[in-house]
Amino acid sequence: MRIPPKIDADQGRFRQIVRGHVRKNLKRYISQGELIGRVGGGRVRIPVSRLKLPHFQHGGKKSGGAGQGPGDVGDPLGPGEAQPGSGQAGDQPGEHDLEVDMSLEELAKMLGDELELPRIEPKGKSKIHTTIERYTGIRSVGPESLRHFKRTFRQALKRQIASGMYNPENPVIIPIREDRRYRSWKLAQQPESNAVLIYMMDVSGSMGDEQKQIVRIESFWIDTWLRSQYDGIETRYLIHDAEAREVDRETFFHTRESGGTMISSAYRLCDEIIDSDYPAADWNIYPFHFSDGDNWSADDTKRCVELLRERILPVSNQFGYGQVRSPYGSGKFIDDLTEHFEDTENLVTSRIDDREMIVQSIRDFLGKGH
């Protein structure tokens, strides 16, 4: 059934209202992590509370009201609303919050607008190429699937006019075999920019479930933004206590160890992965490390500084260190990094004391446009 134009326009306006509601409450969605687990197929379903679907509200029969009796401006046109949770069980449908379906690209745009994030100018465009089919001209031969109907019609019209066969009173154009025109194509190399995200997380005993959930929420939004900036994204996950190892995403967010903490083990493994798999000339490299800042010793912190200065920072677009508050960690590592890299543009540190600080942390990491 065809939707009448006025209803179609109303639906469009309602969709804009819904998206405006999402945009207005985006910071709450970010801090609460409501969108995690609702992603699939490049789209996300967003619960929109306190916004109901438009509908008619009918009063009960013989209930009077302003329509057929006395009433003032502002009086409800029907029986009063019952309070949620009151009354007995019934057989009538209840109220439901709305869910809006939105693409991750649209969500990324909202994030960029809300946090005023600059767009990223990738490196490596001249190095990485993808082969594509590019239509470059017109031929007189080719497969019927590539026939150019407008060009064919134009050629038939020109031929009939030139031969005197065209009758303005009866403008019938009949193409013949010689009139047919086809799109031609060739293989072309299109520059492509790729990026790799290397997430590292401290999983020692001082990092609890809430700290890991903060990391999970923040990494989702970092992923969402960077994927809107690059043609291809690869993601690697490293966890560490006194030793580091590479794991899958599920293990990354749900592993908890009870050992000590040697941060240099993660930085060493990160360096090995970059060196073997991601040449700096071709890849945009984004390592992110999350910890409570409780490192084993000053000697290990010194090794971290050396690895960063000599190996990781020279090849990275940006290195992000996020320190999550923990009741068990000393929190000193972020101060050590600030002391050694205060003037280093592509190393960014951020304190994440609780979920309310996730928005500011995302702005810290992505606000420079590297």
Name the residue, out of D343, D299, D336, that is more than 30 Å from Y230 (Cβ to Cβ), exposed (fewer than 14 other Cβ atoms within 10 Å of the Cβ) and charged (D, E, K, R). D299
Count of residues meeting criterion [farther than 15 Å from G137 by Cα and of a type in the set (D, E, K, R)] in segment 147-169: 4
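Take the residues in segment 273-310 that are among the acidic types (D, E) and farther than 26 Å from S258 by Cβ; name whichever of them is nearest to the chain's Cα centre (by Cα). Quick ask: steps written out before the conclusion?
So in segment 273-310, the residues among the acidic types (D, E) come out as 275, 277, 282, 292, 294, 299-300, 306, 310.
Those left that are additionally farther than 26 Å from S258 by Cβ: 275, 277, 282, 306, 310.
On the way: D275: 28, D277: 25, D282: 23, E306: 33, E310: 32 Å.
Out of the qualifying residues, it is D282.
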Any residue at all in segment 275-285 that's assigned by TED's automatic domain parsing to the domain that holds R227, under 23 Å from D241 (Cβ atoms) and outside any loop (DSSP other than H, G, I, E, B)? no
Would you be able to tell me the number of residues in segment 310-330 that are over 26 Å from E272 (Cα atoms) and buried (at least 17 other Cβ atoms within 10 Å of the Cβ)? 2
Can you pull out the residues in segment 234-254 that are surrounded by 16 or more Cβ atoms within 10 Å (Cβ to Cβ) and among the β-branched types (V, I, T)? T235, I239, V247
Given the conditions (1) outside any helix (DSSP H, G or I); (2) in contact with an Asp or Glu (Cβ under 6 Å, 6 or more places away or on another chain), report the number of the one that T235 does not fulfil. (2)
Can you tell me which residues in segment 191-232 are in a helix (DSSP H, G or I) and of a type in the set (D, E)? D209, E210, E218, D223
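The values are calculated or read from the model by the stated rules, or taken from the named source; none is laboratory data. Note that this is a predicted model, so its numbers are computed, not measured. Note: ideal-geometry Cβ built from the backbone for every residue, glycine included; neighbour counts use all protein chains shown.
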